[in-house]
Amino acid sequence: MSGNREIPPQVQNQLAQLQQLKTQIEAVGRQKMQVEGLLRDAENALGELEKLDENPVIYRAVGELMIKANKEDVKEDLSEKRETYDLRRKTLERQEERVQKKYQQLQQQLQEALGAGTQPMGT
Amino acid sequence: MEREVTEREKEQQAEGQSLALRLRQYQAQAEKASQELRFVQQAIGEHEKAIETTKQLKRMKEGDELMVPIGANSSIYVTLSATDKIIVQLGGGVSAEKDADSSIQYLKEKKEELENSQREMTGLLQNLEQEAQKLQARLQEISSRTETGTGTGTATGTYKNV
């Protein structure tokens, strides 16, 4: 009787995979949030730069130092950063979708397998 | 009759497990939201400090002596070379020089944005707490029903520690 309640090794393996995918989804989610934060930061800075006078005194952070910089150079630099972050965000979004889909597929397989009791899985 | 009771028990146990899982998810979300809220509150405090410092700076004059903290409760003496030049961070590793009034205005705007986030987060946290309370009540109901209905009470332990 108790033998029937044991989880087959194949299902155990799939459960471990499911856990891994969940960890992966969380990690990608965290990365995406970080990149979104950086993107917002760069966009805000670009917006604020536009509001400044014609010849503002601007500094760029280089490690612990603040180095005087030219407005146009800083704008160019921030625009490049914005493009890079946007690209990274899109890549992470695609990655997140892919992993999420895999997770859902595996979850469904597992539900079917567990619902069928100890019958061997057909997949 | 005996078969019917077992089915009901199974259903209750399944519902209890599902509720316990949702409760844990709410708790994790609430913990994360509380942490973010603390960061936002800290940032609001920093903005208030910067606004107050800038206001005080306006009352000083060039050549006045100041003590600037360097960490570990230690300070150094500095002589003020300008009272109308404040460097504020714009984001993206970029800072700009502004006069005292513009700086205060800028810092106030940023503080307002943070306060809006604080309000949103507080609302979210309250909703999460309400939802969690509802789930907790339902769990207790199931748990007590299991105890009084069958006398086994085996599922109680599962719900109590969530």
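The values are calculated or read from the model by the stated rules, or taken from the named source; none is laboratory data. Keep in mind that this is a model prediction, so the values were computed, not measured. FYI the Cβ positions are ideal-geometry reconstructions off the backbone, even for glycines, and counts take in every protein chain you see.
Structure values in brief
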item	result
Conditions (1) surrounded by 12 or more Cβ atoms within 10 Å (Cβ to Cβ); (2) within 16 Å of B:Leu90 (Cα to Cα); (3) at pLDDT 95 or above; number of the one not met by A:Lys32	(2)
Which numbered condition A:Glu96 misses (of (1) in a helix (DSSP H, G or I); (2) closer than 25 Å to A:Glu36 by Cβ; (3) within 14 Å of another protein chain (Cβ to nearest Cβ))	(3)
Where a residue in the stretch A:69-91 is surrounded by 12 or more Cβ atoms within 10 Å (Cβ to Cβ) and its partner, wherever it lies, is of a type in the set (Val, Ile, Thr), with Cβ under 7 Å and at least six apart	A:Ala69/A:Ile58; A:Lys71/A:Ile58; A:Val74/A:Ile58; A:Val74/B:Val94; A:Leu78/B:Val94; A:Tyr85/A:Val35; A:Arg88/A:Val35; A:Arg89/A:Val35
Subset of the stretch B:52-98 [within 28 Å of A:Glu72 (Cα to Cα), at pLDDT 95 or above and acidic (Asp, Glu)]	B:Glu97
The stretch A:38-68 - residue that is more than 8 Å from chain B (Cβ to nearest Cβ) and of a type in the set (Gly, Ala, Ser) and, of those, surrounded by the fewest Cβ atoms within 10 Å (Cβ to Cβ)	A:Gly63
Total residues in the stretch B:20-73, condition within 24 Å of B:Gln89 (Cβ to Cβ) and not in a loop (DSSP other than H, G, I, E, B)	30
Residues (over 12 Å from the mean Cα position of the chain (by Cα) and in contact (Cβ under 8 Å) with a residue 24 or more places away in the chain) located in the stretch B:30-50	B:Ile44, B:His47, B:Glu48, B:Ala50
Matching option when the condition is assigned to a helix (DSSP H, G or I), within 21 Å of the chain's Cα centre (by Cα) and among the acidic types (Asp, Glu), among A:Glu36, A:Glu76	A:Glu36
